[in-house]
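Peer 1: Structure incoming, see below.
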Amino acid sequence: MSELEKRSGGLVLPEPSDVVASVAKAALAAAFRVAQPESREKFETPPDRPVLRRLYYTTEDGWQAPLFRLEAPPGATGEPVIVAHGLGINRHAVDYGPDLSLARAIRDAGFEVFLLEHRGDASAIAPPRARGFDFDDIAAQDIPAAIDRVRADTGFGRVLFVGHAMGGQLLYAHLAHSRGDDVAGAVALCAAVEFERDPRRRLQVLRALMPRRWALPTRLIDVLTAPQARSSVDVAGELERGLRLHASQDVGVGVARQALVWLEAGVLCDRHNRLDYIEALAGVATPTLVLAASDDQAHPAHRCVAVLDQLPGKLHVVQGSHLAPLLGDARHEAWEHVIGWLEEHRKDCW
């Protein structure tokens with residue numbers, strides 16, 4: 001019997017952090033019952049948490065971050081697919097549970113899947129004296145380092161890439177830099193490349209007031225507002241509340257500042273609006289499926305399609321809002337198209 005067990009009469013006491021988390025969850029569940037007394041839903045649907053191997057990569061400027069690996073089924077060829085989540089949300093958005101996992105659907109089709117995390121994620125390890133970062137830093141440093149790590153680990157010459165929202169935008173920026181030499185085929189889900197232009201000076205002032213080293217407390221906001229979350233067309237209320245509690249994460253101010261640049265310029269561009277990432281894709285031959293959602297307010301379908309003026313590929317639109325291709329009723333239709341596209345181009349990984 002350990003010293004802890006002796007002092008507690010043979011009982012292993014929970015860690016203080018576990019106690020705090022349990023009390024906080026109970027308080028939120030009670031707030032949900034007060035806010036929605038008519039609801040018969042559970043408070044939340046928590047994510048499934050399988051034990052996954054972590055494969056760390058290191059960037060040239062010293063950051064480290066994990067890739068969570070879903071191994072291919074026995075006997076499968078196991079071409080590597082990197083799956084990247086969007087802004088303000090973590091890997092659970094693409095791997096929430098057995099029937100709510102684009103990543104596992106891809107794995108079951110015979111691929112080796114790697115869930116990407118980068119310096120914008122809580123799991124990343126910063127180097128000493130790390131400075132603030134933005135979208136450009138992730139695109140120029142983290143994405144190529146992650147791809148190289150996957151290639152080295154699997155032995156394949158090229159990877160396949162699937163990105164949702166900012167994950168798709170990072171894909172485009174990477175292709176603009178790499179010219180597609182390391183990506184055999186790609187899928188971008190709900191990833192806008194054009195924006196409603198707002199040239200007003202207030203955006204410039206707001207950007208100047210936002211220190212790059214800070215993070216916006218979006219996770220805290222999501223957690224505190226979870227009891228008010230209700231069912232939508234695409235996502236049941238208990239799943240929406242689970243996403244807010246488990247899949248939300250803070251947004252780096254540097255990334256938010258660059259998003260304001262996109263609103264000023266009207267295009268997906270670098271931090272100085274000197275490089276239009278989509279124009280820079282001219283001549284890149286990576287076949288790309290652009291998948292959009294009909295009612296997506298954050299990344300409308302008509303703002304996602306311009307990339308196909310530069311890249312070979314096609315557009316497919318499913319019914320629903322921003323999370324529909326991942327977690328909504330349209331997910332099975334979306335996954336069928338994603339997997340079909342990956343299967344069509346898997347041979348080019350060799």
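Peer 1: Under 1.5 on a/c is rounded, so check that first for the stretch 236-350, then, if it is not, pick prolate when a/b is larger than b/c and oblate when it is not; a ≥ b ≥ c are the square roots of the alpha carbon gyration tensor eigenvalues.
Peer 2: Oblate.
Peer 1: For the stretch 282-326, what class follows from the C-alpha gyration tensor (a ≥ b ≥ c being the square roots of its eigenvalues): rounded when a/c is under 1.5, otherwise prolate if a/b is larger than b/c, else oblate?
Peer 2: prolate
Peer 1: Over 33 Å, how big is the tail of the calculated P(r) for the stretch 44-349, in percent of all Cα pairs?
Peer 2: 17 percent
Peer 1: Using Cα-Cα distances under 8 Å and only pairs 6 or more residues apart, what relative contact order does the chain have, in percent?
Peer 2: 19 percent
Peer 1: Follow-up. Report the extension gain between ALA31 and VAL233 in nm, rounded to one decimal, defined as 0.36 nm multiplied by the number of residues separating them, less their alpha carbon distance.
Peer 2: Extra length available between ALA31 and VAL233 comes to 70.4 nm.
Peer 1: State the Cα centre-to-centre distance between the stretch 126-140 and the stretch 234-291 in whole Å.
Peer 2: Using only Cα atoms, the two centres lie 17 Å from each other.
Peer 1: If you don't mind, another one. Test of understanding: extend the Cα→C-beta vector of ASP348 to 7 Å, then name every residue of the stretch 140-166 with backbone N under 17 Å from that spot.
Peer 2: 156-163
Peer 1: Pick out which of GLY110, GLY132, GLY185 has the largest mean-square fluctuation in a Gaussian network model of the chain, springs linking Cα atoms closer than 10 Å.
Peer 2: GLY132
Peer 1: GNM on the chain, C-alpha springs below 10 Å: top fluctuator among PRO73, PRO300, PRO37?
Peer 2: PRO37
Peer 1: Using label points projected 7 Å from each Cα along Cα→Cβ, tell me how many nm separate ALA285 and SER39, to one decimal.
Peer 2: About 5.2 nm, to one decimal.
Peer 1: Return the aspartates and glutamates within reach of LYS25: Cα separation strictly under 12 angstrom, same-chain partners fewer than 8 residues apart disregarded; answer none if there are no such residues.
Peer 2: Answer for LYS25, where 12 Å is the Cα cut-off: GLU44, listed by chain and number.
Peer 1: Quote to one decimal, in nm, the extra length available between ARG197 and ASP329 on full extension: 0.36 nm per residue of separation minus the C-alpha distance between them.
Peer 2: Full-extension gain reported as 44.3 nm.
Peer 1: Next question. Given a Förster distance of 25 Å, report the FRET efficiency between ASP153 and HIS177 from their Cβ-Cβ distance, rounded to the nearest 0.05.
Peer 2: Computed FRET efficiency for ASP153 and HIS177 comes out at 0.70.
Bear in mind that the values in this text are calculations on the coordinates, not laboratory data. From a predicted model like this one, the values you see are computed outputs, not experimental measurements. We place every Cβ from the backbone using ideal geometry, glycine too, and count neighbours over all the protein chains shown.
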